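In what follows, a single structure is set out as C-alpha cells and then discussed.
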Amino acid sequence: MKNVTLGKVYLVGAGPGAADLITVRGAKLLEQADIVFHDALVDPAMLELCPQAIKVPVGKRCGKLSSAQHFINKRLIDAAQKHQIIVRLKGGDPMMFGRADEEIQALKQHHIEVQVVPGITAALAGAAAIQQSLTLRGVSRSVAFVTLAQADEAEENKSQPLQNPSADTVVYYMGRKDASNIAKQLIGSNSQHTNQTPVHILEAVSTKNERHWSSTLGELANGKANNWFDSASPALIMVGQALREHQQATTQTDALESSSAKIDDGLQDSAILPDSRRCA
C-alpha cells in the first residue's frame with residue numbers, strides 16, 4: 001500500500017470582519033494554501049488573498065442551514081490526505097467560541113499535524129471601535145466573554161437559564177435574540193449591574209455595515225433594542241461601568257447634534273456619522 005504524506009492543517013483566525021485585520025501570518029498562509037475551508041462571516045475580500053486555492057464554505061450560522069461539525073471535521077481529515085497546506089479560516093479567533101477543540105482533536109486522532117494562528121476576536125475589535133477599554137483602573141478589573149449558543153441543535157431547543165458571570169465588564173457574543181433576558185437577569189442577580197449600568201451594542205464590527213446602540217441595562221431589559229437589531233448581522237453586547245465614559249460622550253454628541261439642528265438645519269449633515277459608524 002502506497003504511503004500517503006499527510007498535509008498540515010492551519011486553523012487561522014480571520015479577525016472580526018474587515019479583510020485587512022487578518023494577521024500577516026494568516027494572510028501568508030492563505031497565499032500558500034491548497035484548499036481553504038471558510039466560515040460564513042468571512043469577508044469575500046479576504047478570500048481574494050488565496051486565488052490559487054480551492055475554496056469551500058463551511059459556515060455555521062444560528063438559525064440557518066449550516067455544516068454539521070462532524071462533517072467539517074471529516075472534510076478536514078479528507079483534505080489532509082490530498083493536499084499539503086489546508087487552511088481552516090475561522091471568524092475572529094479560532095480559540096474563542098470557534099469549536100476549534102473538536103477540530104484539533106479529530107485531526108490529531110488521525111495523526112494530522114495542526115497549527116493555530118490567532119486572530120482578533122470581536123470583543124477587542126469592538127473596544128477599539130468605540131475607543132473604550134474593557135478594563136478601567138479603579139472601576140473594572142475583570143472581563144468575561146460569554147456566548148449563549150449551545151453545543152448542538154438539540155440543546156438549543158431546551159429552555160435553560162442564562163448563566164451570567166460576576167465580572168466587572170461582560171461581553172456577550174451571539175446574544176441578540178436573548179438581549180432583553182440577559183439584561184433582566186444581570187439586573188436581578190448581580191449587584192454589580194443595575195438599571196443604570198452602561199450598555200453598548202455593536203453590529204458587524206469593523207465592517208462597512210458597523211452600527212452602534214448605546215444606552216443602559218434598564219433600557220435593554222425593557223426591549224428598547226429589540227427592533228434596532230439587524231438579524232443579518234452578528235451582534236456584540238457589551239455591559240459594564242468601564243463603558244460609562246463612552247456612554248456620556250455619545251449622549252453629549254447626540255445633544256450637540258440636536259442643538260445644532262435647531263440653530264441651523266444646514267449644519268445637520270455635517271454632524272451625521274458615516275454609514276460605517278451609524279449610531280442609534
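Count of the range 155-187 residues, restricted to those that are modelled with pLDDT under 90, closer than 19 Å to Asn222 by Cα and in a helix (DSSP H, G or I), is 0.
Hey, among the residues in the range 229-242 that are assigned to a loop (DSSP other than H, G, I, E, B) and buried (at least 16 other Cβ atoms within 10 Å of the Cβ), which one's nearest to the chain's Cα centre (by Cα)? Per the stated criteria, the residue is Pro234. Pairing residues of the range 34-56 that are farther than 18 Å from Val9 by Cβ with residues that are buried (at least 21 other Cβ atoms within 10 Å of the Cβ) and of a type in the set (D, E, K, R), at Cβ distances under 6 Å and at least 6 apart in sequence or on separate chains, gives no pairs at all. Would the range 1-8 turn up any residue that is out of contact with any helix residue (DSSP H, G or I) (no Cβ under 6 Å at 6 or more places or on another chain), open to solvent by 40 Å² or more (accessible area, probe 1.4 Å) and within 23 Å of Ser233 (Cα to Cα)? No. Restricted to the range 139-151, and to residues there that are modelled with pLDDT under 80 and closer than 26 Å to Asp230 by Cβ, the residue that is surrounded by the fewest Cβ atoms within 10 Å (Cβ to Cβ) is Gln150. Would you mind stating whether Val12 is more than 22 Å from Ala232 (Cβ to Cβ), touching a residue at least 40 places away in the same chain (Cβ under 8 Å) and among the hydrophobic types (A, V, I, L, M, F, W, C)? So Val12 fits the description; yes.
When the residues of the range 9-31 are filtered to those that are part of a helix (DSSP H, G or I) and open to solvent by less than 10 Å² (accessible area, probe 1.4 Å), the one that is nearest to Ala125 (Cα to Cα) is Gly26.
The values are calculated or read from the model by the stated rules, or taken from the named source; none is laboratory data. None of the values given here were measured: they were computed from a predicted structure. Cβ sites come from the backbone with ideal geometry, for glycine too, and all protein chains shown count toward neighbours. Heads up: the accessible areas ignore ligands, DNA and RNA and are worked out on the full protein's heavy atoms, side chains in. Shrake-Rupley method; radii C 1.70, N 1.55, O 1.52, S 1.80 Å.
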